[in-house]
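This report concerns only the one structure given below.
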Ligand code: ADP
């Protein structure tokens, strides 16, 4: 199976790795934040309901206090008036003409005295109109005195709460009934609704609305009723948001237990707030879009990050791969640009270092092989070529001697003699390579040696219009070298420089101190070396010259290395070349002078 490119594999690996935590964190945040929003909304609702309950209960307490005060007053007045035995029947003691003077608090609608089997006596009312005489308190079938406590009566928006308090006069004769003002209660609920939003209403445990902040509260109460009957919760009861009709949310809190007016048993009343689900949904929708936005941003960042990783990792790796291919193909001169300081940069460094080592190793190997081959053929050359050459030279000399006046002989003998001399020079160079011997070191003044080599080439320089400059700046010029071998090295470098400037130029020879060495620089302003040839310059038999042997640099490098030094060059095609030789101040491993 074909494997995917590395970049694609990295992206495929990084993206899910990045997405997994994003999805996890996003999901958790989403889940918990939504929960938190719901909880916070519920808490707020319950707080509002609590405030509402406080308000209603405060008015009921107020009514109870009024009832208590009136009962005490009536009981005391009656006792004072009676003075001893209690009169019979009891009703007679409380005459409709009793005049009481008190101020009704805003939540109290009416105050009356209830008597068994007789009409209530209304003591005061906040409304102008007096209630109907037959049943002024609108208490259905209230023909017996009810037990003291809170009494709820009425349906369909006529919610009335009575707070009953017994009038004590030896034994209970009557009750003081304080009617809480349903309109005041409605007004209070409306105020709350205005301040908090939504609709407030009081319902009984069958879901009937007794009083509400507006008249449109009866809608959807079927569901509310079902919810109330399912959940007999004693305390504040948040109705879950999904109990509404889809857009309404109900929250309920228990107002308390009341006795039913005219019926047996008790009724539990609830204060309920109906609110729009909208705000909650909006907040959750906001949360959703924020979470989606964040996830999208995280995904985009993940993708960009993965892309960057792929780019920053894959790009240099591909370059390294290409480099390995070129090295495998024998091109040891390739180098990568570093450009960064991280692991990849170090890898590039290591690769470049390895390529450089391979190149040096290859060069040495090539040199060693070439030199070994040269060594092998040198003795053959010495005998099989040089001896016949000597013989041929002897014959030519003999011919010239015998036929000095024959122009044909002289002409051809001259040509043969030149060819023999050329061949002889080649053999001599060749043998010199073969016989690069262990240098015999002795103290030599390199400056003097260089000067003598320059003078040797003065004629050639002049002929080629080459100007020569020297800058012998090294402070220590006397070092242990093999004078003969080193003379040959510099002669070769100077000669090459002059030959590289056929149209004239400047030859500069300089020296400088290295850390533990002497540096010699031979610089020319000549043709330079073409980039494709730089790798071959200095290998045995490489030459670009018509009559060149290609051995000069190879021998020179061998000699310098035998001295424990280095020979290298820098060049720019068309802009000259600089050949540098570095020789140690102290001999390292080379043979000392005998
Ligand atoms: P040869 O001089 O016989 O060619 P060398 O080993 O001395 O042998 O030089 C090898 C080749 O290196 C030369 O043929 C030439 O192409 C190149 N070379 C050497 N020195 C220089 C230089 N200073 N400028 C340009 N090319 C040079």
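Quick note: the coordinates plus some simple rules give every number you see, no bench work behind them. All figures in this text were calculated on a predicted structure; none of them were measured in a lab. We place every Cβ from the backbone using ideal geometry, glycine too, and count neighbours over all the protein chains shown.
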Task: Nearest-0.05 FRET efficiency for residue 382 and residue 568, computed from C-beta distance (R0 25 Å) - done: 0.20
- [ ] Using a Förster distance of 25 angstrom, determine the FRET efficiency expected from the C-beta separation of residue 318 and residue 358, and round it to 0.05.
- [x] 0.75
Open item on the list: Considering only C-alpha atoms, what is the centroid distance from the stretch 299-336 to the stretch 348-369, in Å?
Closed with: 22
Open item on the list: Starting from 0.36 nm per residue, how many nanometres of slack lie between residue 342 and residue 368 once their C-alpha separation is accounted for?
Closed with: 5.5 nm
Task: Cα centroid of the stretch 508-571 to Cα centroid of the stretch 395-458, whole Å - done: 23
Task: Pairwise FRET efficiency - residue 43 versus residue 300, Cβ, R0 = 41 Å, nearest 0.05 - done: 0.65
Task: Rounded to 5, the percent of DSSP beta bridges in the stretch 422-520 classed as antiparallel - done: 50
Task: Residues in the stretch 547-564 reached by a label modelled at residue 424 [backbone nitrogen below 20 Å; 7 Å Cα→Cβ] - done: 547-549
Open item on the list: Taking 0.36 nm per residue of sequence separation and subtracting the Cα-Cα distance, how much length would be gained by fully extending the chain between residue 293 and residue 50, in nm to one decimal?
Closed with: 83.7 nm
- [ ] Output the peptides 540-550, 402-412 sorted from most to least packed, where packing is the average of other Cβ atoms within 10 Å over each peptide's residues.
- [x] 540-550, 402-412
Task: Linear extension gain, residue 260 paired with residue 410, 0.36 nm per residue minus alpha-carbon span - done: 38.2 nm
